[in-house]
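First comes the structure, then the notes that go with it.
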Amino acid sequence: MREMLNTSRLLFWGGVALLFLLLPFVFSGGFSLSMLSQMGIMIIFALSYNMLLGQTGLLSFGHAVYFGLGAFVTAHAINFVEAGAFGLPISFMPLVGGMTGLVFSLSLGFVTTRRPGTPFAMISLGIAEMVAASALMFTTFFGGEGGIVTNRTAGGVHWGVSYGPQIQVYFLIAAWCFVSMVLMFARDIVEERPGSTERGGG
């Protein structure tokens with residue numbers, strides 16, 4: 001714990017948090033806020049890919065499968081909220097996407113990780129193509145070429161937040177992005193402690 005909470009690291013993460021807070025006020029236009037939101041999402045995606053390629057050396061061509069399936073299930077969950085069948089606040093919807101990615105990665109990963117190296121890459125590519133083809137076949141879940149229509153304000157106002165204004169969406173993404181970054185960093189610190197299990201070499 002002390003390794004994660006020394007002064008220099010607290011200053012660094014405080015600076016990152018401050019940057020996330022100030023950016024939407026410097027770049028306050030609608031397009032800028034949308035771009036900042038997309039950047040936050042891509043940071044989370046890159047962090048998850050780094051766990052696979054950067055730390056285990058496994059090159060995957062199907063990593064977006066879990067990202068996409070999580071997004072589709074989250075969209076359905078938001079529609080369930082709008083219909084009154086699901087009570088989770090919109091602020092915690094990213095957890096739905098994350099848990100969905102975990103479930104699918106456990107099931108599909110059991111197949112893809114049986115062989116490392118090139119076979120792993122090719123199997124992950126095959127699974128990606130299978131899911132892409134399924135998107136046009138199972139239109140009830142994937143919505144066909146038009147996708148799924150959802151309403152981010154479906155949950156109403158919670159804690160004074162409705163997610164109607166784009167800046168509220170940005171702060172939601174920025175908060176989860178910051179949490180993901182900190183947890184990834186903490187995980188690395190735990191792995192690098194003396195006496196911990198060393199990472200495998202490539």
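Below, the figures for the structure above:
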{"read-out": "Helical mean residue ellipticity (222 nm; -39500 (n - 2.57) per DSSP H run of 4+; nearest 500) of the chain", "value": "-22500 deg cm²/dmol"}
{"read-out": "Point-charge dipole on Cβ atoms (K/R +1, D/E -1) for the chain, about Cα centre, debye to 20", "value": "240 debye"}
{"read-out": "At 1.002 mPa s and 20 °C, Stokes diffusion of the chain via Kirkwood alpha-carbon radius, µm² per second", "value": "112 µm²/s"}
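Just so you know, all these numbers are worked out from the coordinates, no wet-lab data involved. None of the values given here were measured: they were computed from a predicted structure. Heads up, the Cβs are rebuilt from the backbone with ideal geometry, glycines too, and the neighbour counts pull from every protein chain shown.
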